[in-house]
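These notes are about the structure you will find just below.
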Amino acid sequence: MESSKLKREKDSQISDELNELRMESSELKKARDSPISDESYRRSSFPDEVLERVISLLNSHRDRSSVSLVCKDWYNMERWSRTHVFIGNCYSVSPEIVAQRFPKIRSVTLKGKPRFSDFNLVPQNWGADVHAWLVVFAAKYPFLEELRLKRMTISDASLEFLASSFPNFKALSLLSCDGFSTNGLAAIATHCKNLTELDIHENDIDDKGGGWLSCFPESFTSLEVLNFANVTSDINFDALERLTGRCKSMRVLKVNRSISLEQLQRLLANAPHLTELGTGSFSQELTPHQYEDLESVFNNCKNIHTLSGLWEVKGLYLPALYPVSTHLTFLNLSYAVLQSDELAKLLVHCPQLRRLWVLDTVDDKGLEAVGSNCPLLEELRVFPADPFDEEIVHGVTEAGFVAVSYGCPRLHYVLYFCRQMTNAAVTTVVQNCPNFTHFRLCIMTPGQPDYLTNEPMDEAFGAVVKTCRKLRRLSVSGYLTDLTFEHIGRYAKNLETLSVAFAGSSDWGMQCVLAGCPKLRKLEIRDCPFGNAALLSGLEKYESMRSLWMSACNVTMNGCRLLAREMPRLNVEVMKEEGSDDDGRADKVYVYRSIAGRRRDAPSSVLTL
Amino acid sequence: MSPPLLGVEEEGQSNISSPSVDCISQNGLGLKERNYLGLSDCSSVDSSGVSLPEENKSKLNLKATELRLGLPGSQSPEREPELCLLNSGKLDEKPLFPLLPSKDGICSSSQKSVVSGNKRGFSDTMDGFSEVKGSVYGEKNWMFHGANSDSESPQAVGHGKYPGNSGVNVMLSARPSVAQASVKKDGPPNALQERPHATTGTNLKQTGISNNNSSAPAAKAQVVGWPPIRSFRTKTLATSSKNNDEVDGKPGPGALFVKVSMAGAPYLRKVDLRTYSTYRELSSALEKMFSCFTLGQCGSHGAPGKEILSESKLKDLLHGSEYVLTYEDKDGDWMLVGDVPWEMFIETCKRLKIMKSSDAIGLAPRAMEKSKIVN
């Protein structure tokens with residue numbers, strides 16, 4: 001989206017400035033060490049205040065990390081000026097260490113469980129409970145304003161603690177978290193007087209009813225971002241209407257399914273300045289008059305650039321959105337069951353689209369419409385409507401993928417679930433769109449080859465890594481031999497995240513990746529024939545990575561023990577099944593670097609070696 | 001019509017595809033079953049999941065069947081009553097292979113039906129559930145390594161609620177395939193913990209999705225966490241399809257998804273009946289979906305608003321067009337669409353099928369009779 005792009009540009013400008021500073025600084029050092037230097041020369045070249053000012057403008061945590069490595073002065077200046085800390089693995093560091101290094105934090109982003117926990121591969125009580133962090137924050141960062149959690153466990157008690165410990169608290173974002181109920185949300189609504197953002201997104205919530213929304217006091221007016229699409233039970237509509245009425249700065253509103261079209265219309269009448277809207281159910285029976293009202297209210301909302309929701313969408317009512325669709329840049333139809341013609345009709349009105357998420361009910365024909373109508377498209381995600389139903393054989397195929405690539409040369413992010421694919425199609429796609437940074441292809445039948453030639457899909461992913469030099473994230477699927485991984489190791493020089501399932505022929509595959517991808521940070525593997533030799537070939541590599549996940553592979557407990565012994569700064573965790581022996585296969589292995597040592601909150605099913 | 005597969009016997013070859021079972025799947029529905037996940041239904045299977053091709057083809061049927069027999073503890077106790085109920089009426093074939101003694105006599109009788117390759121038993125089950133099969137069991141069972149490790153955790157393997165028969169098939173068939181798989185996978189098959197505990201995992205969501213039969217959920221063995229879709233999403237999509245889990249005999253509010261199949265078409269679709277308010281709307285939507293075929297449909301011929309067919313009109317339709325739209329009602333009977341008022345129709349319709357009118361002629365009188373009774 002625009003603002004983040006601008007931010008990136010700004011950051012890169014600043015990075016350039018920094019590079020210059022760095023060079024100057026090292027020159028200064030040389031000057032200082034040489035016998036001819038004198039104090040005045042050093043001081044007049046570079047006052048600390050300037051350096052502090054420049055560093056404080058840095059937003060990217062990676063840039064800040066680089067800055068802090070230059071020298072002790074820079075390290076200190078950086079740590080005192082940092083206000084936002086990003087912790088990609090909550091167990092890689094302890095809250096005490098964070099608090100000690102960064103005294104002035106006002107915003108924290110924390111990620112917890114391994115990504116495969118989203119797919120139920122991680123036991124419930126695995127960990128990543130945020131409470132210990134909150135306790136330290138309450139002591140060290142009483143002015144904390146923002147907390148963004150992903151895949152963490154947070155209890156109602158923690159939410160209450162959060163609500164009452166931080167008087168300045170402004171923004172809470174929970175994505176893919178669990179452990180809490182709507183009671184916790186009620187606590188936030190009740191006590192956080194300065195809340196500007198409440199973003200509850202795709203979590204596992206114990207939904208005890210919608211009363212939490214009514215807990216916002218009548219005097220509360222600061223909310224700018226409200227996303228409760230995930231909290232499905234009915235809320236008190238009057239309370240919501242009053243809330244949106246009095247929060248004049250509200251710019252993001254994503255309601256849940258219980259909100260009808262008529263109610264939506266009333267909400268929008270009060271909030272014409274919204275920039276992001278998530279509708280409720282889009283299928284109520286409307287009288288013509290009501291429909292007109294709906295159309296006119298959308299007509300007034302000239303600033304909406306992001307649209308989502310559209311649960312139970314009735315294609316008949318989509319035209320009401322046309323006034324808004326002309327300036328849409330992000331359209332999330334991933335919960336809207338649309339057929340190809342309905343999508344096609346809508347897309348004619350969405351020429352500015354940059355990001356589109358759809359269900360595969362739109363079929364290849366719908367994707368052809370995408371290619372024809374959305375030349376600026378940068379991101380496409382196609383989700384399966386019936387992933388587990390083998391009877392339903394429709395969906396998208398390689399034809400749709402190719403059609404999009406012809407029409408959308410700027411495409412750089414794709415997530416594509418399909419039931420069949422060919423090497424030729426993928427090769428064509430990346431020829432048309434060589435700028436992929438994220439390529440996630442999921443052929444839903446594990447180990448399925450090119451359905452026309454019956455060959456492995458090696459050629460496809462080979463083409464991806466050879467053509468897309470900027471590739472940072474790759475998810476592979478289909479029938480793949482070690483050749484795919486040879487290609488990845490040889491060509492994917494910018495690859496940071498790799499997800500592999502049901503692929504590969506031997507240890508060699510994984511060894512190629514570990515030896516070859518210099519920027520690899522996250523490697524997650526399931527159901528592949530990689531064993532101890534592969535695991536141990538990455539000994540030196542794992543410390544430069546955030547984490548490694550291997551499940552249902554051929555790694556044994558002894559292999560893991562060896563890894564743990566050789567690399568003391570890695571935590572090697574094995575998730576045991578009951579009744580398995582200690583010397584047998586290690587079914588789930590999670591390896592990550594940590595400066596906090598082994599974690600003390602692991603459940604009994606998790607063994608840290 | 002050749003007996004439906006489900007390859008109880010085919011499992012020895014790990015289902016990947018013996019040509020002999022090519023397209024065995026023509027079952028009474030006139031649909032070609034496609035099994036992308038592995039059992040050797042059709043030729044399409046050749047291209048699917050090929051990772052265990054060679055070893056498995058060379059294994060003999062017999063051997064596999066032997067392996068399969070009498071694995072102690074292969075069935076969790078809870079299953080047995082279900083098994084018996086389902087199989088009691090269907091055992092009419094002698095077992096082909098001697099059974100090993102098993103703890104429970106009842107258990108063995110159900111094993112009998114499976115082991116003997118009582119395809120009829122299985123096909124009865126299948127027809128009864130109008131579902132195609134739980135077919136993952138076959139060659140892909142080495143996946144269960146991953147799946148099984150979760151069996152102790154709350155999100156356990158997707159074997160939660162199966163009709164016992166198919167469940168048995170899952171378990172029994174899993175063994176030999178896993179044993180073979182282990183040749184390649186190089187790991188011992190752990191005791192497959194296919195216990196049917198209700199799970200919060202993805203499997204549970206399927207029971208929501210399969211809305212064809214209110215009595216039993218789809219038979220679907222599934223790999224845990226695959227395809228990789230967040231549970232929130234699967235839960236959400238399932239609830240919108242979950243309509244036919246009825247409360248007090250009435251479908252809940254929200255979407256009413258039913259599957260639509262068509263004679264000769266390679267695919268099924270799903271439609272939300274709530275998005276239509278007349279037969280004509282439904283008919284034109286279906287026409288678009290299955291666009292190469294014409295639907296001789298009530299409503300599109302009749303006067304607007306006139307939903308009830310007269311006898312003569314029905315005959316006209318049938319003679320006048322190639323296809324008719326039929327539906328399966330709550331009782332499991334197949335009726336011509338258009339008999340009853342729309343509201344009543346969406347409440348009783350479980351599944352739609354576009355049939356060749358020649359196949360549907362038998363339905364007409366019954367439909368008329370039923371509506372006469374109703375009237």
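Okay, here's what the table says:
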{"quantity": "Difference of contour (0.36 nm per residue) and Cα-Cα distance, A:D601 to A:S249", "calculated": "122.6 nm"}
{"quantity": "Loop sites in region A:215-244: GluC sites (Glu not before Pro), DSSP, at most 15 other Cβ within 10 Å", "calculated": "A:E218"}
{"quantity": "Charge tally in the Cβ shell below 9 Å around A:V414, where Lys, Arg are +1 and Asp, Glu are -1, A:V414 excluded", "calculated": "+1"}
{"quantity": "For A:N89, distant residues with modelled amide H under 5 Å away", "calculated": "A:K111"}
{"quantity": "Alpha-carbon spread of region A:135-192, three principal axes, descending order, Å", "calculated": "25, 22, 17"}
{"quantity": "Förster-model FRET efficiency, 51 Å R0, A:S372 and A:T83, C-beta, rounded to 0.05", "calculated": "0.65"}
{"quantity": "Per-residue average of Cβ from other chains inside 10 Å of A:542-553", "calculated": "2"}
{"quantity": "J(HN,Hα) series, region A:97-109, from Karplus relation 6.51 cos²θ - 1.76 cosθ + 1.60, nearest Hz, glycine and proline x", "calculated": "4, 4, 5, 6, 7, 10, x, 10, 6, 10, 9, 10, 10"}
{"quantity": "Rounded percent of accessible protein surface that carbon and sulfur make up, chain A, 1.4 Å probe", "calculated": "50"}
{"quantity": "Cα centroid of region A:548-609 to Cα centroid of region A:515-539, whole Å", "calculated": "15"}
{"quantity": "Separation in nanometres of the label points that stand 7 Å from Cα toward Cβ, at A:Q124 and B:S358", "calculated": "5.6"}
{"quantity": "Buried solvent-accessible surface, both chains (A, B), 1.4 Å probe, Å² to nearest 100", "calculated": "5900"}
{"quantity": "Rounded Å value of the spacing that divides the Cα centres of region A:360-429 and region A:49-117", "calculated": "39"}
{"quantity": "Computed Rg/Rh of region A:344-446, alpha carbon atoms with Kirkwood Rh", "calculated": "0.94"}
{"quantity": "Backbone N under 12 Å from the A:R242 label point (7 Å along Cα→Cβ), restricted to region A:196-230", "calculated": "A:214-220"}
{"quantity": "Per-residue average of Cβ from other chains inside 10 Å of A:527-538", "calculated": "2"}
{"quantity": "R0 of 22 Å, Cβ-Cβ distance A:Y322-A:K208: FRET efficiency to nearest 0.05", "calculated": "0.05"}
{"quantity": "Residues with amide H under 5 Å from that of A:S506, placed H, sequence gap 5 or more", "calculated": "A:D482"}
{"quantity": "Residue-count net charge about A:L318 - beta-carbon cut-off 9 Å; Lys, Arg +1, Asp, Glu -1", "calculated": "+1"}
{"quantity": "Chain A - convex hull of the alpha-carbon atoms, volume per residue in Å³", "calculated": "171"}
{"quantity": "Inter-chain Cβ neighbour average for residues A:438-447, partner chain, 10 Å", "calculated": "5"}
{"quantity": "Radius of gyration and Dmax over the Cα atoms of region A:383-523, both given in Å", "calculated": "14.1, 43"}
{"quantity": "Dipole in debye (nearest 20) - chain A, about Cα centre, beta carbon charges: Lys, Arg +1; Asp, Glu -1", "calculated": "2260"}
{"quantity": "Interchain or long-range residues, amide H under 5 Å from A:V382's placed H", "calculated": "A:V358, A:L415, A:Y416, A:F417"}
{"quantity": "Modelled FRET efficiency - R0 35 Å, A:D48 with A:R469, Cβ distances, 0.05 increments", "calculated": "0.30"}
{"quantity": "Fraction of the pair-distance distribution of region A:488-609 above 23 Å, Cα-Cα pairs, percent", "calculated": "24"}
{"quantity": "Nearest-10 value in Å² for the accessible area of B:Y327, using the 1.4 Å probe", "calculated": "10"}
{"quantity": "Square roots of 5 times each gyration tensor eigenvalue, C-alpha, region A:495-555, largest first, Å", "calculated": "17, 12, 10"}
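The values are calculated or read from the model by the stated rules, or taken from the named source; none is laboratory data. What you are looking at is a predicted structure, and each value in this text was computed from that prediction instead of being measured. Note: ideal-geometry Cβ built from the backbone for every residue, glycine included; neighbour counts use all protein chains shown. When the accessible area is computed, the model is the full protein with side chains, heavy atoms only, and any ligands, DNA or RNA have been set aside. Shrake-Rupley method; radii C 1.70, N 1.55, O 1.52, S 1.80 Å.
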